[in-house]
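Trainee: Quick one: this structure, given as structure tokens, is what I'll be asking you about.
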Amino acid sequence: MNIHVSKLLQKMEEELDKAKKSDTDKELREKLVVIKSLCEVILDEKSSSLNIPSPTSNEINQAELQKMMGNMSTAVKQQPTISSTPFKESDANGDSLFDF
């Protein structure tokens, strides 16, 4: 029998709500035993019948990396360069920013 995990988890939530509302220790223990049994059912099932998606690989291939990072050669070419020769103005008094 294949039981979907979401159904079992929903039943566990219902039993947990009942356990929170229980008045006596005996009622609480009964609800906890039900929850424990549901957990055991989930753990005993084969992983293929549980419909749990397997984790995907976190590896990034070269094409994905290039899409994320862009073309590095064009990025370097687009950066402005700073001229090594200072800009000269006819009405400037000197090399300092504060010389007007």
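Trainee: Give L38, L65 a once-over and let me know the one that is within 33 Å of the chain's Cα centre (by Cα) and at pLDDT 75 or above.
Mentor: None of the others qualify; the one that does is L38.
Trainee: Consider E45 carefully, then state whether it is at pLDDT 70 or above, within 30 Å of N2 (Cα to Cα) and under 31 Å from the mean Cα position of the chain (by Cα).
Mentor: In short, yes.
Trainee: Ok, one more. Within the range 69-78, does at least one residue satisfy the condition of being modelled with pLDDT of 70 or more, more than 23 Å from I3 (Cα to Cα) and under 31 Å from the mean Cα position of the chain (by Cα)?
Mentor: yes
The values are calculated or read from the model by the stated rules, or taken from the named source; none is laboratory data. Everything quoted here is computed from the prediction, not taken from an experiment.
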